[in-house]
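Q: Quick one: the structure is below, and I'll ask about it shortly.
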Amino acid sequence: MNRKRSRWLAGLLTLMLGISAFPVNPRSAEAAFEGWAVDETQWTYSENGAVITSKGNVIDSIQSAGTVSANKIDFSAAIQRVQSDVDGNIGLYYRCQTGEDYFFEYNSVLNFLRIRKLVNDAAVTEEIVPYIMELGEWYDFSVILKETSIEFYVNHTLMMTQAGEFGTVFQNGTCQIQGYNTVLSLRDCAFSQYDETDSGETDWVYNQNWILGEDGAVTSNGTEQICQIEARGSVCVNNIEFSAKIEQVRSDVDGNVGVYYQCSNGEDFFFEYNTVLHLARIRRFTAGADNHISPARSVTLTEGEWHDFKVILDEDIVVFYIDGQIVGSAEGSYGNIFENGRCRIQGYNTTISVKLDNLENDTETVYKYDFEFQKASSVNGFTAQNGSVSYQDGRLIYNIQGADSALATPVLQTAAGSQYSALLPLRNTVFIRMKNNTNAEQLKISVITTNQTNYSEFTEKLVEISPNSDFCSYFMNLSDLNLSGYLRQIRLEPIGAASGSIEIDAISFEREAPIEETAGTVLACTADQSTVTVKGRLKEEYRNKRVSLYETTLANVSEKISGTPLASVTADGLDFTIQIPLYDGTVSRLSSLFLVGAEGVKCGGSFRISNYRDFQENPYEFSLPSFSVRVTDAPYSAQGDAFTDDTRAIQSAIDEVYQRGGGTVILPGEPENPYGRRYIVTHLVLKDNVELRIEHGAVLWQSPRIEEYQYEAVYGHDIVMPGVNWTHAALTNNLPLIYAYEAEQVRVTGGGIIRSMDAGSECADGVDGSTIWTGCPSRIHVIPIGFYGCKNVEISDVTLLRTNCYHILTYACENVYIGNVVMKEVTCASGDGISLAVGTHDVMISRCFLYSNDDSVVLCSSYNDPRGVKWWKADPERDNSICNVTVCHSYFVGGHGVTFITWGTDNPDLSQNEIRNIHVYDNVLNWIGTWPDNPYYGNEVFDNTETDDYSPVKQVRITNNRILTAPDLGPIQATDLVSDTNLHSSEQFQNGDFERHDALHPEWTSGLSNWTVQEKGGTASVVKREEGYCGAISGKAILAQGLYQKKGGHRFSAEVKVEAGTARIFVCDILTGEILADKYITENEFSVASLTYFGTDRNLYLGIEALTDDAVVYIDDAKVESIPDADVNPEKISDPSEPEPTDPDQTENPVTGEDAYPALISWLLFLCLAAFSVLRRSRRLKQRES
């Protein structure tokens, strides 16, 4: 059998070889098929020899006569018959010398086109485009083989293309045109050399989805979801222009028209006009992430009308124009990523007509503004009347060559939010750093805006300048001109100068305090235990006028006087004194801001009670050596000129004070200067025993120049960390403006301002969602103050202005005091105020102010936060609980007030990730809320819906606050939570059985989570029993949970065991200490003990107390249930024969150990603290008098 099969196969092989050796008809050399070998056993010639038709073999083909040196292959084909309903094709099969094959195929059964790359006869890449060839119709095919791409055309339309580094792969290959299971006719088969420069073709190619119009425009067919026009080959220009007309929007969900650009590094950019949402934006796709690098701008294009699109691609900026207006731009370090990219114009769910020109570089449009003058080209677009403009050493040189000379900037076609975008009246000041080499003492500044389109007396003002002076910084505040719209051009005229020059180092557009008329000055605002006293002095024109005191808020950004005054008096000549009560109900005015007005005119800006420390001292106060230095003195020599980078000067002062054992580094201020003395910095590192004192009138100002950062800083709000939420650049990459790591006794104070970079910002109040993102990509986001692993920290008496992310972060810190800190005018989303994380504990936040768009005080109990990769790190080995935190006398409005972030559920020991012992009182708060769903455990795609994915919260007191929105802790079941709001403790035991109940990690433990512990010489812990865990007490101590119990009957039960000593279980009122039920426990084996009692719609402690020093007590499976009132029989210890009896009239709270009568409600506690402060102040005064 095997022998017969071998003979049969040998015979078949001989037959095939014989067939292949048949002679080729000499007509294969005719002109129609020059360069091709036509096998007449497979093909039949037409009478004139111009057409050949296959004979219907499984495969019929014509072969190239030798190797192919041409890079373009053309042929025309008509399908006569398809002989299979399974598979069939026609096309060009190309064999490379490298062993790779390419098949440019039309599938005659499935009706599609594709390019297949085959290695060892196996397809490794293929793309498919649907297409239908009609039987008997002729179709022209072309294949172009280039070094960087291959192209497949049908009927002169580019159907498919592939980019790649092909190099010489296609040189000296062989090819065949074939039909498989398909009878076809061929004609005009030819080889040629394709030259793009001589081809006469445009730089754009269309596929069959476009219809050519008479005017040269093409229109998409209106049936495909996406229609695209591709650039022919790689793109090597900086400019893409076309005109588009929207014919029809075919969806009410999503649709767009725009330029999609694929970079050589794998990133993609999409310059999109969304035809449904009517907005323009620039999107950057990196590692699968869609980043909107230019915020969406509202734009409406009229259907049926032509609109001009233009995209600029530069090494450090991309710009998107529609109809000559910039609708988006984004600066960045793009380098050469746009070289040799691929580009297409597309319509998605939108039928469009398009007119295209060839791709050319744009060398004329001034699209990149550099008013730091880093290159010679930076002065392009500046013009001089009676003068000239040149460039020298990073400066613009304006030479004056006659009277009436003037310098004009380019017309600013800037996108909203870009570095040089200035929306008036918000960004009201032109900052110029310049050297005046003329005798001019005044400079006339004139402007044009989008609303004031001509220079006039109403758009100009005179500014005093120093004649023949060195470089100076000038703040030219235009707020008194009442301008509006976007700044478009500036003209500068040196008054009286006919010669000389002005050298300009930098121009920027800033937001400064507006120029306003004032009626006088507030001299003092102090308070005692009952009264607030305000004293001031009026200007002469307001002598004896009526003066009124108003309460205001940070939400009143412009600080306008409105509403009913708190009090009014008639001035005694020029002097006035106004008094009001300290308390507004039960909330003090320590968290209030005030304004004073006379005849409706303000006496300066807002102010607050100055002697706040008399009411709440720093419990973690520390002293430092008296040694001090001023950073402006030699050898540090900080300039404080609002331009020079003073980072090294200030850091050298910090380092010297540290090396000398500690002391104070002083940044001198200029209180009389409305702009203060400004010190430019990028990143300062505080060290042990150093105070950074930013004096009143001093501004620590974040540098806007990325080249000054001594690390790889990045622009924008977030960086990409796949799978990680909220990857803010300020948390994950950029370093804090002021930083300390594992330092002790560090202080930031002084009464000055820490101001962040706010380029392009258009958000006046820090809350407006329509503008909060504007300018985000133009800014380097940093945390103003970030401390990690520090002990004994004070941050007080400073203002944080224009912060573009979180304001203050304390990670893994202890003994922290944050007092009298004002945080306002936030310039980006995620404007959190004060964040405590990574186990920060023992913190007091007193008399602080924040008006923002996000969480004000963040209590973040996270375990292994993956975002800590740069200046802080998660520390899974430590106790990551946030505990012993007091928030008082503060104003937190705009976003959340106090936020509980319970992200510790991935900790193997849950008791190491609690939020506990939190006291919030005497504040004005917008809200108290939570983010409970741990994004790094459970359902890691954060959606805030996992109702059981939170770590424990316990021992919380929220009293005597003014809360504007009802608090809501969502699914969190906190224990021992007492408040005078709608919040209260859980009604059921949490962790009552001391078990974790995590099916994925049965070895994980819960410890004493949710249990309140008072150790009275003894200790409490969790220990293993035969099955699972239980609570244990050794010596005198209490284990209890604070639970909310509604009116009616209840039963508290638990498994208990008294191995030694004496113990009792009990139920008592948390506030009053009243014992509702209790009894001794004597069983020395685990048994169920229970108490019945009546709930009171209040919070109660339910637990166990070990009463003797020798006690060894255990508790497990604690539960509470509702029972009928008739089944309640409260037991109380009263029998004197029982061991260790207690007085039946005892009022001691068994958990707190305090006398419960009179009831210690939290607001009374605050009054006691206030009284103590007053007595202490009185004692100080007596000491001074003596």
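Q: Has the stretch 459-479 got at least one residue that is surrounded by fewer than 21 Cβ atoms within 10 Å (Cβ to Cβ), of a type in the set (Lys, Arg) and not assigned by TED's automatic domain parsing to the domain that holds VAL319?
A: yes
Q: Another question, if that's okay. Is it true that some residue in the stretch 646-654 is surrounded by 18 or more Cβ atoms within 10 Å (Cβ to Cβ) and charged (D, E, K, R)?
A: Yes: the stretch 646-654 contains one or more residues that are surrounded by 18 or more Cβ atoms within 10 Å (Cβ to Cβ) and charged (D, E, K, R).
Q: Can you tell me which residue is surrounded by the most Cβ atoms within 10 Å (Cβ to Cβ) among those in the stretch 830-855 that are assigned to a strand (DSSP E or B) and hydrophobic (A, V, I, L, M, F, W, C)?
A: Among them, the one singled out is LEU850.
Q: Find all pairs meeting these conditions: Cβ atoms under 6 angstrom apart; at least six residues apart or on different chains; first residue within the stretch 595-606 and among the acidic types (Asp, Glu); second residue at pLDDT 95 or above.
A: So the pair list comes out as GLU599/LYS545.
Q: While we're on this one: Can you name every residue in the stretch 1055-1099 that is more than 28 Å from ASP980 (Cα to Cα), surrounded by 18 or more Cβ atoms within 10 Å (Cβ to Cβ) and small (Gly, Ala, Ser)?
A: Scanning the stretch 1055-1099 gives GLY1061, ALA1063, ALA1089.
Q: So, GLY266, is that one touching a residue at least 24 places away in the same chain (Cβ under 8 Å) and under 26 Å from the mean Cα position of the chain (by Cα) or not?
A: no
Q: Can you tell me which residue is farthest from SER610 (Cα to Cα) among those in the stretch 521-548 that are hydroxyl-bearing (Ser, Thr, Tyr) and not in a loop (DSSP other than H, G, I, E, B)? Break it down into steps so the answer makes sense when it comes.
A: Going residue by residue through the stretch 521-548, those that are hydroxyl-bearing (Ser, Thr, Tyr) are 521, 526, 530-531, 533, 542, 548.
In the following step, the residues that additionally are not in a loop (DSSP other than H, G, I, E, B) were identified as 521, 526, 531, 533, 542, 548.
Details: THR521: 15, THR526: 6, THR531: 13, THR533: 11, TYR542: 26, SER548: 19 Å.
Result: TYR542.
Q: Based on this model, can you work out whether VAL665 counts as under 19 Å from TRP871 (Cα atoms), assigned by TED's automatic domain parsing to the domain that holds GLY819 and outside any loop (DSSP other than H, G, I, E, B)?
A: So VAL665 does not fit the description; no.
Q: Please name all residue pairs, on different chains or six or more residues apart, with Cβ atoms under 8 Å, provided the first residue is in the stretch 51-68 and is in the same structural domain as GLN97 (by TED's automatic domain parsing) and the second residue is aliphatic (A, V, I, L, M) and surrounded by fewer than 17 Cβ atoms within 10 Å (Cβ to Cβ).
A: Close Cβ pairs (under 8 Å, with a partner that is aliphatic (A, V, I, L, M) and surrounded by fewer than 17 Cβ atoms within 10 Å (Cβ to Cβ)) amount to ILE62/ALA37; GLN63/ALA37; SER64/ALA37; ALA65/ALA37.
Q: Here's something else I'd like to know. Scanning for something within 20 Å of the chain's Cα centre (by Cα) and under 21 Å from ILE753 (Cα atoms), does the stretch 860-876 turn up at least one residue?
A: no
Q: While we're on this one: In the stretch 642-701, how many residues are among the aromatic types (Phe, Trp, Tyr) and more than 22 Å from ASN477 (Cβ to Cβ)? First the steps, then the outcome.
A: Start the filter on the stretch 642-701 by keeping residues that are among the aromatic types (Phe, Trp, Tyr), which leaves 643, 658, 675, 679, 701.
Pick out the ones that are also more than 22 Å from ASN477 (Cβ to Cβ) and you get 658.
Number of matching residues: 1.
Q: Separate question: What strands (runs of 3 or more DSSP E) lie completely within the stretch 283-395 and have 3 or more residues being β-branched (Val, Ile, Thr) and within 25 Å of the chain's Cα centre (by Cα)?
A: 317-322
Q: For SER390, all conditions in the list (1) surrounded by fewer than 18 Cβ atoms within 10 Å (Cβ to Cβ); (2) touching a Cys at 6+ places or on another chain (Cβ under 7 Å) hold save one; what is the number of the exception?
A: For SER390, the exception is condition (2).
Q: Within the stretch 106-115, can one find any residue that is over 58 Å from the mean Cα position of the chain (by Cα), of a type in the set (Ser, Thr, Tyr) and either buried (at least 19 other Cβ atoms within 10 Å of the Cβ) or not assigned by TED's automatic domain parsing to the domain that holds ASN155 (or both)?
A: no
Q: Ok, one more. For the stretch 482-499, state whether one or more residues are farther than 23 Å from GLY387 by Cα, among the hydrophobic types (A, V, I, L, M, F, W, C), under 38 Å from the mean Cα position of the chain (by Cα) and surrounded by 19 or more Cβ atoms within 10 Å (Cβ to Cβ). Break it down stepwise before answering.
A: Residues of the stretch 482-499 farther than 23 Å from GLY387 by Cα: 482-487.
Filter again for among the hydrophobic types (A, V, I, L, M, F, W, C), leaving 483, 487.
Restricting the remaining residues to those that are under 38 Å from the mean Cα position of the chain (by Cα) gives 483, 487.
With the extra rule that they be surrounded by 19 or more Cβ atoms within 10 Å (Cβ to Cβ), the set shrinks to 483, 487.
Yes, the conditions are met somewhere in the stretch 482-499.
Q: Restricted to the stretch 222-235, and to residues that are at negative phi and modelled with pLDDT under 85, which residue is surrounded by the fewest Cβ atoms within 10 Å (Cβ to Cβ)? Walk me through it before giving the result.
A: To start, the set of residues in the stretch 222-235 that are at negative phi comprises 223-232, 234-235.
Checking the rest, the ones that are also modelled with pLDDT under 85 come to 232, 234.
On the way: ARG232: 21, SER234: 16.
The residue in question is SER234.
Q: Please go through (1) free of Cβ contacts under 8 Å to residues at least 40 places away in the same chain; (2) within 19 Å of the chain's Cα centre (by Cα) for ALA829 and return the number of the only condition it doesn't satisfy.
A: With respect to (1) free of Cβ contacts under 8 Å to residues at least 40 places away in the same chain; (2) within 19 Å of the chain's Cα centre (by Cα), ALA829 is out only on (1).
Q: A follow-up question, please. Can you pull out every residue in the stretch 896-921 that is closer than 17 Å to ILE958 by Cα and of a type in the set (S, T, N, Q)?
A: THR899, ASN917
Q: For a quick check of your reading of the model, give me the residue pairs whose first member lies in the stretch 991-1016 and is closer than 24 Å to VAL1112 by Cβ, whose second is loosely packed, with under 13 Cβ neighbours inside 10 Å, with beta-carbon atoms closer than 7 Å and at least 6 apart or on different chains.
A: Taking only residues 6 or more apart or on different chains, the pairs are GLN1014/GLY1153.
Q: In the stretch 607-643, which residue that is of a type in the set (Asp, Glu) and touching a residue at least 40 places away in the same chain (Cβ under 8 Å) is surrounded by the fewest Cβ atoms within 10 Å (Cβ to Cβ)?
A: For the stretch 607-643, the residue satisfying everything is GLU621.
Q: Against the conditions (1) more than 34 Å from the chain's Cα centre (by Cα); (2) surrounded by 20 or more Cβ atoms within 10 Å (Cβ to Cβ), where does GLY573 fall short? Just the number, please.
A: (2)
Q: Name the pairs whose Cβ atoms lie under 8 Å apart, with the first residue in the stretch 387-404 and acidic (Asp, Glu), the second surrounded by fewer than 17 Cβ atoms within 10 Å (Cβ to Cβ), and 6 or more positions between them or separate chains?
A: Listed by first residue and then by second, the contacts come to ASP404/GLN385; ASP404/ASN386.
Q: So, one more: Keeping to the stretch 677-692, report how many residues are touching a residue at least 60 places away in the same chain (Cβ under 8 Å) and over 30 Å from the mean Cα position of the chain (by Cα).
A: Within the stretch 677-692, residues that are touching a residue at least 60 places away in the same chain (Cβ under 8 Å) and over 30 Å from the mean Cα position of the chain (by Cα) number 3.
Q: Also: Give the residue that is nearest to PRO704 (Cα to Cα), with candidates limited to residues of the stretch 400-424 that are surrounded by fewer than 17 Cβ atoms within 10 Å (Cβ to Cβ) and not charged (D, E, K, R).
A: By that ranking, first place goes to VAL411.
Q: Considering only the stretch 1083-1121, state which residues are among the hydroxyl-bearing types (Ser, Thr, Tyr) and under 14 Å from SER986 (Cα atoms).
A: Within the stretch 1083-1121, just TYR1101 meets the criteria.
Q: Something else now. Name the residue that is farthest from HIS307 (Cα to Cα), counting only residues in the stretch 202-244 that are out of contact with any Asp or Glu (no Cβ under 9 Å at 6 or more places or on another chain) and among the charged types (D, E, K, R).
A: Ranking the candidates gives GLU224 first.
Q: Kindly indicate whether any position in the stretch 488-504 is within 24 Å of GLY605 (Cβ to Cβ), out of contact with any Leu (no Cβ under 8 Å at 6 or more places or on another chain) and of a type outside the set (S, T, N, Q).
A: No, the conditions are met nowhere in the stretch 488-504.
Q: While we're looking at this one, here's another question. Would you confirm, using the coordinates I've provided, whether ALA330 is touching a helix residue (DSSP H, G or I) at 6+ places or on another chain (Cβ under 9 Å), farther than 30 Å from ILE397 by Cβ and surrounded by 15 or more Cβ atoms within 10 Å (Cβ to Cβ)?
A: Yes.
Q: Go through the stretch 522-555 and report how many residues are out of contact with any Leu (no Cβ under 8 Å at 6 or more places or on another chain) and either in contact (Cβ under 8 Å) with a residue 60 or more places away in the chain or closer than 19 Å to VAL924 by Cα (or both).
A: Residues meeting the conditions: 5.
The values are calculated or read from the model by the stated rules, or taken from the named source; none is laboratory data. Just so we're clear, the structure is a prediction, and the values are computed from it rather than from any experiment. Neighbour counts are summed over all protein chains in view; Cβ atoms, including those assigned to glycine, are modelled from backbone coordinates with ideal geometry.
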